[in-house]
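Before any comments, here is the structure.
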Amino acid sequence: MAADSVSMDQIVSLSRRRGFVFPSSEIYGGLGSTYDYGHYGVLLKNNIKARWFESMVLDRDDIVALDSAVILHPRVWEASGHVEGFTDPLVDCRTCKLRFRADKLDDSQCGRKPSKHPGAWKECDLTEPRQFNLMFETHVGPVADSASLAYLRPETAQGIFINFKNVLQLARRRPPFGIAQIGKSFRNEITPGNFLFRVREFEQMEMEFFVPPADSEQWYRYWIDARLNWYLRYGLRESRLRVREHGPEERSHYSQGTSDIEYLYPIGWSELEGVANRGDFDLTRHAEFSTTKLEYVSPDGERYVPHVIEPAVSVERIFVALLVDAYDEEVVGERERTVLRLHPQMAPVTAAILPLIGKDENMVAKARSLYEELRRRLSVEYDDNGAIGRRYRRQDEIGTPWAFTIDEQTLSDDTVTVRDRDSLAQERLQISGVRAWLEDALEREWQTPKDG
Ligand code: GAP
């Protein structure tokens, strides 16, 4: 009975209903394609970032962390090529007054009803395309003039390149080594949309891996595999993931090779993460623009500018992919349930603690004491509100993998039942062993029970 595909509307509706994501500035009428994250959304985002950081930094010896500023020296963006080239072709419609990406007219909807693609009505009056820079401008200091012009960063990567020398010297690294960063990036997208897939403010997770030039191809392949395996490890279905290598005409100005890890979103196969071989473009350009040498000198005097391999993704694209992949509707007995079959290490709440009868003081006392014991280490939720079936379904909808129920028998023998979100199997265990059971269960390998 499991549904094997889900629409973006179902994901938006669940996110809204269960407080994962809200449209931003709603009481002022909203600000298109801008979102705020509620409690479960924050917990899910934190888990995505924690799993990425573990695999990039904590589990390895060759990558260090960085947190650079959002507003950098404006010359950074000249050196990187963003001032000149970070543009999309824009067309205006003089009739409906809307703006579109000239290269995405087939994916856009005109302002007239019934909706068609821009240019499809005889009344459509499109301007010639002009290049529109996607960087948000701001001014540093009290005077807004050309001397104080600055930008909100459109990627976190440049903050890493300009700290290459610091890390090389102070963290005493030698290639191959990497610098990883998580932080907000901003792009004034002409046509944001598809929920969180394309937004103007998003959180990037980028890692720049500096390697000897001769080894760059090998490391490029290594990182494509490593990142694909990360998605498989956290439960995305293999049939919904693929790697697509860019042709030369599609590559960015800095790229010697780029592959997208694509996911089959409800909008079709689309970029989840990009892995690029950036060559020596960035370090060479920053060396030229800043007049600071950015190179590696080996102990025997060999000098070279390392090449860079970059896996780059946003938390938002992973957030949507996880929800889409996990979403399921099924009939159990006579009742329908919506369930998020999230990997337990991604699920916002790891376990729910539920007294069977919410008004029974003894059950409540036992349940609260278990909850207090667990909450210090794990993301757990206590709920005594409503019928037990409804409480289970609330937890299913936010993807909680396990629910512990305190019932009549608990009061006599100190055992509880644990209910598995996916199989619905129940087993009894000692209340004193719940924490160890959970810590163990979290470490087990996990595979989605969904087919295909
Ligand atoms: N430093 C390289 C870089 O930024 P990119 O392909 O422009 O490359 C990297 O962006 C990743 O950032 C994408 O693969 C995607 O996951 C995410 N991303 C880019 N633009 C986005 C947007 N407007 N909204 C959400 N995520 C975005």
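Looking only at residues that are assigned to a strand (DSSP E or B) and touching a residue at least 60 places away in the same chain (Cβ under 8 Å) in the range 77-96, which one is most open to solvent (accessible area, probe 1.4 Å)?
Asp88
Tally time: how many residues in the range 217-231 are within 15 Å of the chain's Cα centre (by Cα) and surrounded by fewer than 18 Cβ atoms within 10 Å (Cβ to Cβ)?
Final tally of qualifying residues: 0.
hydroxyl-bearing (Ser, Thr, Tyr) and at positive phi - does that describe any residue in the range 1-23?
Within the range 1-23 (the criterion being hydroxyl-bearing (Ser, Thr, Tyr) and at positive phi), the answer is no, since none of the residues qualifies.
Considering the range 123-166 alone, what residues qualify as being more than 16 Å from the ligand (Cβ to nearest atom), open to solvent by 50 Å² or more (accessible area, probe 1.4 Å) and either touching a residue at least 24 places away in the same chain (Cβ under 8 Å) or within 22 Å of Gly85 (Cβ to Cβ) (or both)?
The answer is Glu123, Asp125, Leu126, Glu128, Pro129, Arg130, Gln131, Glu137, Val140, Ser146, Lys165.
Which pairs turn up if I take residues in the range 193-211 that are at negative phi and aliphatic (A, V, I, L, M) and look for partners that are open to solvent by 20 Å² or more (accessible area, probe 1.4 Å) and more than 10 Å from the ligand (Cβ to nearest atom) with beta carbon separation below 7 Å, at least 6 apart in sequence or on another chain?
Hits for this filter: Leu196/Tyr35; Val199/Thr34; Val199/Tyr35; Met205/Lys49; Met205/Ile182; Val211/Pro176; Val211/Trp219; Val211/His307.
If a residue counts only when it is more than 16 Å from Leu424 (Cα to Cα) and over 26 Å from the mean Cα position of the chain (by Cα), which strands (runs of 3 or more DSSP E) contained entirely in the range 317-368 have at least 1 such residues?
Fully inside the range 317-368 and qualifying: 351-355.
So, in the range 245-297, of the ones that are of a type in the set (S, T, N, Q) and over 17 Å from Glu208 (Cα atoms), which residue ends up nearest to the ligand (Cβ to nearest atom)?
So, considering only residues that are of a type in the set (S, T, N, Q) and over 17 Å from Glu208 (Cα atoms), the one nearest to the ligand (Cβ to nearest atom) is Ser270.
Report, ordered by the first and then the second residue, all pairs with beta carbons closer than 6 Å, sequence separation of six or more or different chains, a first member in the range 308-321 that is within 18 Å of Asp280 (Cβ to Cβ), and a second member that is more than 10 Å from the ligand (Cβ to nearest atom) and among the polar types (S, T, N, Q).
From the range 308-321, the pairs are Ile309/Asn277.
Are there strands (runs of 3 or more DSSP E) fully within the range 375-444 with at least 1 residues that are polar (S, T, N, Q) and open to solvent by less than 20 Å² (accessible area, probe 1.4 Å)? List them.
Filter on the range 375-444 gives 402-406, 415-420.
Select from the range 167-206 the residues that are open to solvent by 50 Å² or more (accessible area, probe 1.4 Å), near the ligand (Cβ under 9 Å from one of its atoms) and either farther than 30 Å from Arg60 by Cβ or aliphatic (A, V, I, L, M) (or both) and list them in ascending order.
Arg198, Arg200 - these are the residues of the range 167-206 that are open to solvent by 50 Å² or more (accessible area, probe 1.4 Å), near the ligand (Cβ under 9 Å from one of its atoms) and either farther than 30 Å from Arg60 by Cβ or aliphatic (A, V, I, L, M) (or both).
Looking only at the range 135-162, which residues are among the acidic types (Asp, Glu) and more than 15 Å from Ile71 (Cβ to Cβ)?
Within the range 135-162, just Asp145 meets the criteria.
Name every residue in the range 298-342 that is away from the ligand (no atom under 16 Å from the Cβ) and either among the polar types (S, T, N, Q) or open to solvent by less than 10 Å² (accessible area, probe 1.4 Å) (or both), in order of residue number.
If the condition is that a residue be away from the ligand (no atom under 16 Å from the Cβ) and either among the polar types (S, T, N, Q) or open to solvent by less than 10 Å² (accessible area, probe 1.4 Å) (or both), then Ser298, Pro306, Ala326, Asp328, Thr338, Val339, Leu340, Leu342 are the ones that fit.
Can you tell me which of Asp225, Asp215 is more than 20 Å from Tyr254 (Cβ to Cβ), outside any loop (DSSP other than H, G, I, E, B), of a type outside the set (Lys, Arg) and away from the ligand (no atom under 11 Å from the Cβ)?
Asp225
Do we have any residue at all in the range 268-275 that's open to solvent by 20 Å² or more (accessible area, probe 1.4 Å), among the aromatic types (Phe, Trp, Tyr), touching a residue at least 12 places away in the same chain (Cβ under 8 Å) and not in a helix (DSSP H, G or I)?
The answer is yes, given that some residue of the range 268-275 is open to solvent by 20 Å² or more (accessible area, probe 1.4 Å), among the aromatic types (Phe, Trp, Tyr), touching a residue at least 12 places away in the same chain (Cβ under 8 Å) and not in a helix (DSSP H, G or I).
The values are calculated or read from the model by the stated rules, or taken from the named source; none is laboratory data. Bear in mind the structure is a predicted one, so any value in this text is a computation, not a measurement. As a convention, Cβ positions derive from the backbone with ideal geometry for all residues, glycine included, and neighbour counts pool all protein chains shown. Protein only, heavy atoms only, side chains kept; ligands, DNA and RNA dropped before computing areas. Shrake-Rupley method; radii C 1.70, N 1.55, O 1.52, S 1.80 Å.
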